[in-house]
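First the structure, in the form of structure tokens, and then the observations on it.
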Amino acid sequence: MKAPSPDKIIPRSISGAIFGVAAFLIWGISPLYWKTLTAVPALEIVSHRVVWSFLLLIPLILIRKRWKEFLLVLKNWRSIGILAATSLFVSCNWLVYIWAINNGFLLQASLGYYINPLVNVLLGTLFLKERLRSFQGLAVLLAGTGVLYLTVFYGQFPWIACILAFTFGLYGLVRKVIAVGSLVGLTMETLLLALPALGYLIYLGMNGSAAFSVVSLQIDLLLVGTSVVTALPLLLFAMSARRVRLTTLGFLQYIAPSCMFVMAVFIYLEPFTSEQLISFILIWTALAVYSMDSVIYYRKSGTAEIASQAD
């Protein structure tokens with residue numbers, strides 16, 4: 001007897017929200033995982049993340065019957081070129097993110113993912129010629145003011161936050177050019193990164209400076225487990241994206257940086273000055289304006305679509 005699908009047991013929108021919350025919670029609390037690997041350099045962690053993720057994703061491609069789609073992408077040089085660019089952006093994002101966490105800059109990492117939606121709006125305006133709505137413009141201006149305030153009055157340009165926001169923004173921008181599913185796309189990206197990553201790990205092993213199979217069995221298992229930390233939230237996110245509205249995902253995405261913020265301030269006790277607080281308030285205000293504008297826009301779009309169907 002065939003088991004009922006999740007959507008027949010739980011309404012599609014509710015199951016989608018559950019998957020989305022789970023994905024963003026995993027991303028949000030993942031610094032707890034990366035903190036256990038502080039004994040391993042960030043570049044070595046990312047190399048293991050790439051190699052083990054690829055080995056995990058290939059069976060998933062087979063299980064989810066995406067092998068034909070994967071082979072089609074593999075035969076298309078244009079697709080490979082585009083995914084090579086996205087591989088560069090995502091690997092840079094991973095490297096800076098893990099380095100930031102393990103060097104006491106989790107607060108800046110949370111800032112980066114807070115401003116990422118606004119960076120997406122800015123990139124869409126600059127490269128896709130998308131029209132910037134009034135409230136969107138105000139939100140971008142407020143976020144920019146927050147970054148500028150932090151730079152001038154705190155005396156430190158938040159380069160980690162900006163790199164994380166822009167690399168992830170550019171990753172999303174370039175991925176728009178190619179119609180490839182998240183699972184197939186990530187598998188292809190890890191494939192393109194796997195050879196140089198594996199080469200680097202072999203070099204470390206021959207040089208006697210590798211952490212894998214040297215430090216402890218716990219570290220070895222944690223390095224292998226980076227594949228699950230990478231693939232699981234992505235699959236949950238993909239399942240959520242097919243079931244809920246874009247505005248719902250827009251609200252859910254703030255779960256991850258909020259978790260990071262709480263951990264940075266209350267668990268890892270990173271310095272949090274009044275200047276940083278003012279900067280965060282400006283950015284939180286920008287996100288509130290951005291979210292309000294998104295809700296109004298999509299409600300109007302939905303109403304207009306229903307009206308046109310009625311006519």
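The values are calculated or read from the model by the stated rules, or taken from the named source; none is laboratory data. Since this is a predicted model, take the numbers as computed values, not measurements. Methodologically, a virtual Cβ is constructed for each residue, glycine included, from the backbone with ideal geometry; neighbour enumeration extends over all protein chains shown.
Here are a few things to note about the model shown:
- Residue that is surrounded by the fewest Cβ atoms within 10 Å (Cβ to Cβ) [pool: residues in segment 120-136 that are of a type in the set (A, V, I, L, M, F, W, C) and in contact with a helix residue (DSSP H, G or I) (Cβ under 8 Å, 6 or more places away or on another chain)]: LEU128
- Scanning segment 137-179 for residues that are at pLDDT below 90, over 23 Å from the mean Cα position of the chain (by Cα) and β-branched (Val, Ile, Thr), we see that the one that is surrounded by the most Cβ atoms within 10 Å (Cβ to Cβ) is THR151.
- Subset of segment 208-231 (residues that are at pLDDT below 90 and surrounded by fewer than 17 Cβ atoms within 10 Å (Cβ to Cβ)): GLY208, SER209, PHE212, SER213, VAL214, VAL215, SER216, LEU217
- Verdict on ILE306 being surrounded by fewer than 17 Cβ atoms within 10 Å (Cβ to Cβ) and either at pLDDT 90 or above or not in a helix (DSSP H, G or I) (or both): no
- When segment 163-189 is filtered for residues that are within 24 Å of ALA109 (Cα to Cα) and touching a residue at least 60 places away in the same chain (Cβ under 8 Å), the ones remaining, listed by number, are ILE163, LEU164, THR167, PHE168, LEU170, TYR171, VAL174, ARG175, LEU186, GLU189.
- Residue in segment 49-62 that is under 19 Å from ARG242 (Cα atoms) and either assigned to a helix (DSSP H, G or I) or among the aliphatic types (A, V, I, L, M) (or both) present: yes
- Taken as a whole, the structure places ALA42 among residues that are closer than 30 Å to GLU270 by Cα, of a type in the set (A, V, I, L, M, F, W, C), buried (at least 20 other Cβ atoms within 10 Å of the Cβ) and touching a residue at least 40 places away in the same chain (Cβ under 8 Å).
- Some residue of segment 193-206 being over 17 Å from the mean Cα position of the chain (by Cα), of a type in the set (Val, Ile, Thr) and closer than 14 Å to LEU83 by Cα: no
- Tally of residues being more than 16 Å from SER279 (Cα to Cα) and assigned to a loop (DSSP other than H, G, I, E, B) across segment 148-184: 6
- Of the criteria (1) at pLDDT below 90; (2) farther than 23 Å from GLY181 by Cβ; (3) outside any loop (DSSP other than H, G, I, E, B); (4) of a type in the set (A, V, I, L, M), which one LEU132 fails: (3)
- Subset of segment 72-98 that is surrounded by 17 or more Cβ atoms within 10 Å (Cβ to Cβ) and without any contact (Cβ under 8 Å) to a residue 60 or more places away in the chain - its residue that is nearest to the chain's Cα centre (by Cα): TRP94
- Identity of the residue in segment 180-207, hydrophobic (A, V, I, L, M, F, W, C) and exposed (fewer than 15 other Cβ atoms within 10 Å of the Cβ), that ends up farthest from GLY20 (Cα to Cα): MET206
- Counting only residues that are free of Cβ contacts under 8 Å to residues at least 12 places away in the same chain, within 14 Å of VAL289 (Cα to Cα) and under 22 Å from the mean Cα position of the chain (by Cα), segment 118-136 holds 0 of them.
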